[in-house]
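The values are calculated or read from the model by the stated rules, or taken from the named source; none is laboratory data. The structure displayed is predicted, hence computed values, not measured ones. We place every Cβ from the backbone using ideal geometry, glycine too, and count neighbours over all the protein chains shown.
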Amino acid sequence: MRIEHVDGLRRIAEGLSPEPSPVRRFVEAVLAVSEDPQPENVERYLVASRALEESRSRRKPRTSRAA
């Protein structure tokens, strides 16, 4: 089990909302900048984009199963 998943479960057990995933943050940032392209929303988009790239580069590549 990934550490992020365990941390999310712990937050739920403690009655806190789980930390949004990098994908969720990116989607929310895209929506925010499309609705209101102010500098703070552009910055939010850039931060979310970098975080998504970092999370994708940390993932282990999936191994394909030979049939």
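Some observations on this one:
Conditions tested, residue by residue: (1) loosely packed, with under 14 Cβ neighbours inside 10 Å; (2) modelled with pLDDT under 90.
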{"position": "2", "(1), (2)": "yes, yes"}
{"position": "5", "(1), (2)": "yes, yes"}
{"position": "10", "(1), (2)": "yes, yes"}
{"position": "27", "(1), (2)": "no, no"}
{"position": "35", "(1), (2)": "yes, no"}
{"position": "57", "(1), (2)": "yes, yes"}
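- Residue tally, condition over 11 Å from the mean Cα position of the chain (by Cα) and among the basic types (Lys, Arg), over region 20-37: 0
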